[in-house]
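The values are calculated or read from the model by the stated rules, or taken from the named source; none is laboratory data. Remember, it's a predicted structure, so these values are computed and weren't measured experimentally. We place every Cβ from the backbone using ideal geometry, glycine too, and count neighbours over all the protein chains shown. The area values use the complete protein model at the heavy-atom level, side chains included, leaving out ligands, DNA and RNA. Shrake-Rupley method; radii C 1.70, N 1.55, O 1.52, S 1.80 Å.
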Amino acid sequence: MARANAAHAAAQAGATQGLAFKTRRLRFLRLSETWIRRGVPAVVVVFVGTLVAVASVITSNDYDDTIAAAFSDLELVATVVTADLKASLKGVRPRDAGPVVARAMSSRVLTRGLHVIVSDPDGAIIAAHPVGHDVGTPLTDYLGTTQPLTIFAEKAGVLRIDLADGAPALATVHTLDSPYGQVAIVHPLSAVLTEWRNDTFRIAGLLVCTTFVLVGLALAYFWQASRVRESERLCQRLRSRVDTALSRGRCGLWDWDLARGRIYWSDSMYEILGMAPVGQFLSFGDINSLVHPADGDLATMAEMLTASRAQSIDHAFRMRNADAEWVWLRARAELVQESAGEPPHLLGIAVDITEQKALVERTATADMRLRDAIESISEAFVLWDTDNRLVMCNSKFQRLHNLASDTLVPGTTYAEIMARGTPPVVQAEIARGERPQAGARTYEARLADGRWLQINERRTKDGGFVSVGTDITVLKRHEEQLMESERRLMATVADLRKSRQALELQAQQLADLAEKYLEQKAEAETANRAKSAFLNNMSHELRTPLNHIIGFSEVMQSETHGALGSQKYIDYCCNIKESGEYLLGVISNVLDMSSLEAGSMRLEKSEFEIEGVVREALAAIDSTAREKEIHVSAECLPNKRIHADRGKVAKVLTLLLRNALKFTLPHGRISLRTRLIQGALNVYVEDNGVGMPSEARARIGQPFEQTDGVLDNGMKGAGLGLAIAQSLVELHGGSMRIRSTVGVGTIVFVHLPDAKDAPRQKLMLTAPAARRMQQPQKIRA
């Protein structure tokens with residue numbers, strides 16, 4: 001056979017070289033097609049994405065340039081229009097301003113979509129061009145209530161706002177000469193962006209057309225490529241079916257060219273051996289090296305077939321797979337010659353019989369493992385056949401019955417084995433209480449040495465008998481321990497029952513204490529009402545002599561009936577007057593607090609101007625502020641009115657300003673700001689005083705609560721100012737909040753709702769409301 005291999009070596013080398021060239025070329029074509037098929041969509045997507053990104057950047061830049069240019073143009077146009085209107089409206093009455101405004105506007109201003117609106121000093125529209133705006137309506141209703149243009153006018157410049165109808169626009173407001181107020185030039189954003197939208201639509205159309213053309217070209221390429229792949233799939237389908245059948249059957253197809261010395265293997269053959277296909281043909285030497293040396297030589301079979309001493313083979317042998325393991329194969333082949341003059345071929349299949357060979361080995365191994373497992377279990381095990389003969393048992397069964405090793409021979413009858421052994425002595429036998437079955441029972445047995453066994457006897461399906469004896473001595477001991485634990489548990493339950501009775505008695509005692517608490521609470525409320533009544537009466541009794549003291553001190557200070565004789569007496573009179581006025585203020589606050597707690601405070605609401613109340617509160621602290629050199633500023637709302645109790649609102653503002661003045665150091669500042677939002681009044685009192693810590697803010701607003709600060713005159717105050725202010729604000733249906741930082745200052749915010757929106761309240765505080773005043777108030781810091 002060595003001579004045959006040498007004779008055909010050249011032919012084998014040429015065939016292998018040609019096959020390698022074709023294989024490399026086919027792989028190159030397939031790899032190129034794969035990369036092209038993957039690259040075409042990526043190139044199209046990248047190109048379209050680049051176009052979209054460039055178009056987006058251009059559109060965004062054009063948008064920003066258009067808006068910026070509109071801002072600049074509107075500022076210039078507004079300047080020119082304002083100058084023209086001032087010249088045209090000079091000497092013209094406001095009711096005749098409409099035609100003059102129309103003549104003053106150039107055609108270019110109108111064609112660009114600008115709106116020019118003229119208002120009077122009160123902010124009402126008196127003329128507009130183009131016509132379409134309601135004359136007499138406020139200018140803020142058209143521009144929107146949230147814009148600052150009408151307040152700051154030229155200082156605000158050009159702003160982007162939302163009109164009253166929600167449309168975005170660019171607007172600016174300039175001030176006209178009297179008797180005119182302001183002129184508003186509005187450029188709707190839709191008119192500003194008209195040219196930008198047209199450019200955007202043109203760019204989008206061009207982008208869509210380009211994308212459509214590129215996608216069409218890509219689809220045409222994929223359609224043509226799919227037709228080529230379909231043709232290849234049809235060619236491979238037949239071969240795939242044969243390979244699938246061989247693979248599922250664990251068979252390999254052999255085609256042995258005896259003349260050339262080369263062998264063809266199917267892919268399923270490579271799969272059986274776990275090898276990767278290395279070529280279309282293999283040499284005889286490559287395959288012979290994989291055959292197990294003990295299973296014969298393929299060279300002998302080749303010589304027999306060449307000499308025509310055999311026409312077929314049926315041989316079982318082992319071959320080495322890719323994991324260096326031996327695989328059993330059964331080769332069945334027949335000598336075939338396709339035509340006269342053609343070299344003979346040995347054609348057949350090789351079937352994987354490794355599982356069949358392994359099955360015999362596994363059966364023997366399983367029997368051995370079963371015996372080892374039965375021997376390893378802790379129970380005594382014995383198995384009898386249908387004729388009551390021994391099949392197998394373990395050493396535990398042998399020791400239990402004191403049997404010799406030569407006695408336990410498979411096939412020995414039950415009677416012979418029991419006759420040669422010594423069965424254990426059973427002191428007690430307890431049935432397990434299971435449901436009786438035919439040929440089956442389970443019971444517990446106590447041996448003479450104190451051990452307990454649980455014996456299970458069952459019939460097998462073939463009529464045999466199996467018996468298993470388990471040592472349950474430990475379980476029995478645990479059972480006794482569980483019984484003892486149960487007795488202890490019952491004793492614990494009895495103790496818990498006694499504890500429950502004790503808890504029920506404690507609950508009854510707590511109920512009695514709660515009832516006593518309610519009675520004491522009612523007595524405390526009665527005492528509180530008596531205190532309020534006492535304070536009310538005492539305040540009236542104290543105010544009368546104080547008024548006399550203050551009045552006589554003023555008379556003595558002014559020396560109405562003659563000179564006092566010394567300047568110190570005048571100073572003493574001044575001190576008496578100041579102390580009396582301070583004491584009178586404290587008593588008045590106590591009287592107001594008692595009225596609020598008693599629920600006798602009433603509101604007398606009316607329409608009044610906010611500015612007057614603010615001026616009145618500022619006048620009340622003016623002299624004290626000048627003495628401490630504290631700067632007090634106020635932002636009023638001229639000609640604005642609210643519906644509330646004027647006196648109570650003035651008292652709230654005065655108390656807040658006095659409280660700020662009290663804790664502001666000399667040369668400090670205090671500001672009072674008022675805002676009217678949808679009919680509701682917001683008041684902000686801000687100072688840069690000493691501030692207060694968070695633990696002090698939690699108590700501020702409660703009656704007779706005060707910080708640790710001391711006034712200039714050495715007193716700490718009664719602690720009623722903020723409590724009265726908060727009570728009066730809540731009586732109006734409003735709220736008061738305080739924000740303060742130590743060393744920075746304090747801001748007090750008061751919100752008085754509109755009379756139409758405020759919750760309906762009684763004119764007099766009820767008793768529960770008065771009690772709420774004595775509780776801690778929720779003041780946000």
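Just checking, does the range 457-471 include any residue being of a type outside the set (Asp, Glu), open to solvent by 60 Å² or more (accessible area, probe 1.4 Å) and either part of a strand (DSSP E or B) or in contact (Cβ under 8 Å) with a residue 12 or more places away in the chain (or both)? Steps first, please.
Going through the range 457-471, the residues of a type outside the set (Asp, Glu) turn out to be 458-461, 463-470.
Filter once more, keeping what is open to solvent by 60 Å² or more (accessible area, probe 1.4 Å): 458-459, 461.
Now narrow it down to the ones that are either part of a strand (DSSP E or B) or in contact (Cβ under 8 Å) with a residue 12 or more places away in the chain (or both): 458-459.
The answer is yes; a qualifying residue exists.
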Tell me, yes or no, whether the range 466-484 has at least one residue that is aliphatic (A, V, I, L, M), at pLDDT 85 or above and within 30 Å of THR386 (Cα to Cα).
yes
May I ask you to list pairs of residues, at least six apart or on different chains, whose Cβ atoms are under 9 Å apart, with the first in the range 567-585 being on the phi < 0 side of the Ramachandran plot and the second being open to solvent by 40 Å² or more (accessible area, probe 1.4 Å) and among the aromatic types (Phe, Trp, Tyr)?
CYS573/PHE552; ILE576/PHE552
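From THR624, THR544, which residue is in contact with a helix residue (DSSP H, G or I) (Cβ under 9 Å, 6 or more places away or on another chain), assigned to a helix (DSSP H, G or I) and either at pLDDT 70 or above or not hydroxyl-bearing (Ser, Thr, Tyr) (or both)? Outline the logic, then answer.
Working: THR544 fails: in contact with a helix residue (DSSP H, G or I) (Cβ under 9 Å, 6 or more places away or on another chain).
One residue alone meets the criteria, THR624.
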Among the residues of the range 663-676, count how many are out of contact with any Gly (no Cβ under 7 Å at 6 or more places or on another chain) and open to solvent by 10 Å² or more (accessible area, probe 1.4 Å).
7
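Scan the range 334-359 for residues that are among the hydrophobic types (A, V, I, L, M, F, W, C) and modelled with pLDDT of 80 or more and report the count. It would help to see each step written out before you state the result.
Step one: of the range 334-359, the residues among the hydrophobic types (A, V, I, L, M, F, W, C) are 335-336, 340, 346-347, 349-351, 353, 358-359.
Right, trim to modelled with pLDDT of 80 or more and you get 349-351, 353, 358-359.
So the count comes out to 6.
Please verify whether ILE161 is open to solvent by less than 20 Å² (accessible area, probe 1.4 Å) and under 17 Å from ALA127 (Cα atoms), treating the condition exactly as stated. It would help to see each step written out before you state the result.
On the way: open to solvent by less than 20 Å² (accessible area, probe 1.4 Å): yes; under 17 Å from ALA127 (Cα atoms): no.
So ILE161 fails the test.
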Show me the strands (runs of 3 or more DSSP E) found entirely inside the range 655-763 where at least 3 residues are among the aliphatic types (A, V, I, L, M) and either at pLDDT 65 or above or over 42 Å from the mean Cα position of the chain (by Cα) (or both).
669-677, 680-687, 745-752
Check ARG435 against each of (1) modelled with pLDDT under 85; (2) over 15 Å from LEU453 (Cβ atoms); (3) more than 60 Å from the chain's Cα centre (by Cα) and name the one condition it does not meet.
(3)
Can you name every residue in the range 176-225 that is farther than 27 Å from ASN61 by Cα, out of contact with any His (no Cβ under 6 Å at 6 or more places or on another chain) and open to solvent by less than 30 Å² (accessible area, probe 1.4 Å)?
LEU176, TYR180, GLY181, ALA184, ALA218, ALA225
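Report the residue count in the range 329-357 for those that are open to solvent by less than 60 Å² (accessible area, probe 1.4 Å) and either without any contact (Cβ under 8 Å) to a residue 24 or more places away in the chain or closer than 30 Å to LEU400 by Cβ (or both).
First, pick out the residues of the range 329-357 that are open to solvent by less than 60 Å² (accessible area, probe 1.4 Å): 329, 331, 333, 335-336, 339, 343-346, 348, 350-354.
Then keep just the ones that are either without any contact (Cβ under 8 Å) to a residue 24 or more places away in the chain or closer than 30 Å to LEU400 by Cβ (or both); that gives 336, 339.
Qualifying residue count for the region: 2.
Criterion first (touching a residue at least 12 places away in the same chain (Cβ under 8 Å) and open to solvent by less than 50 Å² (accessible area, probe 1.4 Å)) does LYS640 satisfy it?
On the way: touching a residue at least 12 places away in the same chain (Cβ under 8 Å): yes; open to solvent by less than 50 Å² (accessible area, probe 1.4 Å): no.
The answer is no for LYS640.
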Matching residues, the range 74-103, being open to solvent by less than 70 Å² (accessible area, probe 1.4 Å) and either in contact (Cβ under 8 Å) with a residue 60 or more places away in the chain or of a type in the set (Lys, Arg) (or both):
LEU74, GLU75, VAL77, ALA78, VAL81, THR82, LEU85, LEU89, PRO94, ALA97
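Based on this model, can you work out whether ASN402 counts as open to solvent by 30 Å² or more (accessible area, probe 1.4 Å) and not charged (D, E, K, R)? Outline the logic, then answer.
Values: open to solvent by 30 Å² or more (accessible area, probe 1.4 Å): yes; not charged (D, E, K, R): yes.
Spelling it out, ASN402 is indeed open to solvent by 30 Å² or more (accessible area, probe 1.4 Å) and not charged (D, E, K, R).
For the range 297-323: of the residues being over 16 Å from MET269 (Cα atoms), modelled with pLDDT of 75 or more and of a type outside the set (Asp, Glu), which is least open to solvent (accessible area, probe 1.4 Å)? Quick ask: steps written out before the conclusion?
Of all residues in the range 297-323, those over 16 Å from MET269 (Cα atoms) come to 297-315.
Next, from what is left, pick out any that are modelled with pLDDT of 75 or more: 312-315.
Those still in the list that are of a type outside the set (Asp, Glu) too: 312-313, 315.
Values: SER312: 71, ILE313: 35, HIS315: 57 Å².
The qualifying residue least open to solvent (accessible area, probe 1.4 Å) is ILE313.
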Of the residues that make up the range 526-536, is at least one under 59 Å from the mean Cα position of the chain (by Cα) and open to solvent by 100 Å² or more (accessible area, probe 1.4 Å)?
yes
Filter the range 373-393 for residues that are without any contact (Cβ under 8 Å) to a residue 24 or more places away in the chain and surrounded by 11 or more Cβ atoms within 10 Å (Cβ to Cβ); the one that is nearest to GLY249 (Cα to Cα) is ALA373
Being touching a residue at least 24 places away in the same chain (Cβ under 8 Å) and β-branched (Val, Ile, Thr) is the filter; apply it to the range 229-274 and report the residue that is most open to solvent (accessible area, probe 1.4 Å).
VAL242
If I ask for residues that are open to solvent by 80 Å² or more (accessible area, probe 1.4 Å) and part of a helix (DSSP H, G or I), which ones from the range 405-426 would you list?
SER405, ASP406, TYR414, GLU416, ALA419, ARG420
